[in-house]
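Structure record follows, encoded as structure tokens.
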Amino acid sequence: MDKLHPCVFFDRDGIVNHPPDDAQRYVLHEDDLRILPGFVASLRLVLSRGYKAVIVTNQAGVSRGRMTQDDLDRIHAKLQRYLAAENLALQDIYECISFDDAHPNRKPNPGMLLDAAREHALDLERSWMIGDSEKDIQAGRRAGVAKTVRVKPLPAKTDADFRVDTMDELVDLLAQELPPVSH
Ligand SMILES: [Mg+2]
């Protein structure tokens, strides 16, 4: 049997890109995707330590009729092009377009992480989950990942293993805490 590979899972809005404002709620168009430099630096570090990287994102705006699947595909194609130009690559992007909180893939449920683990032979027990919402932290814990990181200033309460204020601080945390993958 092939060896399982550890992965760092990233939430999207607020982690990969500036979060949409409260009125908008969703990034609706590729022109509105503003990628955070701290994500690019974090991804570079994660890959250099030998991890795969996967984005897991709730995007209920599609099933709410705020955007089309085509819009979402364009946004993710733009992200992939941007990263390719930086010589970086994601293993995959998983999206849950359902607004049903009972959907197994809608965070805080762990379905997207479990699907990714099965489809890409990932070792959840050595993987990390990074997000700005407590739903991301819960999804990671339910999937059984090793460590979770909440990127949020002054949350009321978090079950995450680590917390930082900003994506720029995340780079420093990962540099200190993310163990290199031993093969
Ligand atoms: Mg988020």
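Checking every one of the chymotrypsin sites (Phe, Trp or Tyr not before Pro) in segment 75-183 against DSSP loop status and a limit of 16 other Cβ atoms within 10 Å picks out Phe99.
Straight-line cross-link reach from Lys3 at under 25 Å between alpha-carbon atoms covers these lysines, not counting any fewer than eight positions away in the same chain: Lys52, Lys147.
When only C-alpha pairs under 8 Å and at least 6 residues apart count, what is the relative contact order of the chain, in percent?
On the way: 326 pairs, mean separation 47.2, N = 183.
Relative contact order of the chain: 26 percent.
Potential lengthening of the chain between Arg141 and Ala175 amounts to 10.0 nm, from the contour at 0.36 nm per residue minus the alpha-carbon distance. What the phi angles of segment 140-148 give under the Karplus curve with 6.51, -1.76 and 1.60, with θ = phi - 60°, is a coupling list of x, 5, 5, 7, x, 6, 5, 9, 10 Hz, glycine and proline written as x.
When the helices of the chain are scored as -39500 (n - 2.57) per DSSP H run of n ≥ 4 and the total is divided over every residue, the value at 222 nm lands at -10000 deg cm²/dmol.
Loop-only check: which trypsin sites (Lys or Arg not before Pro) in segment 13-69 are DSSP coil with at most 11 other Cβ within 10 angstrom? Spell out each step's value before the answer.
Details: sites: Arg25, Arg34, Arg44, Arg49, Lys52, Arg64, Arg66; in loops: Arg25, Arg34, Arg49, Arg64, Arg66.
Taking segment 13-69 and a limit of 11 other Cβ atoms within 10 Å, the loop trypsin sites (Lys or Arg not before Pro) found are Arg34.
In the calculated pair distance distribution of segment 1-146, what percentage of Cα-Cα distances lie above 22 Å? So the portion of pairs separated by more than 22 Å is 36 percent.
So for segment 24-116, averaging the separation of alpha carbon pairs under 8 Å that are six or more residues apart and normalising by length, what relative contact order in percent results?
32 percent
No lab work stands behind these numbers, since they all come straight from the coordinates. Note that the structure is a prediction, hence the values are computed from the model and not measured. Every residue, glycine as well, gets a Cβ built from its backbone with ideal geometry; the counts of neighbours run over all protein chains shown.
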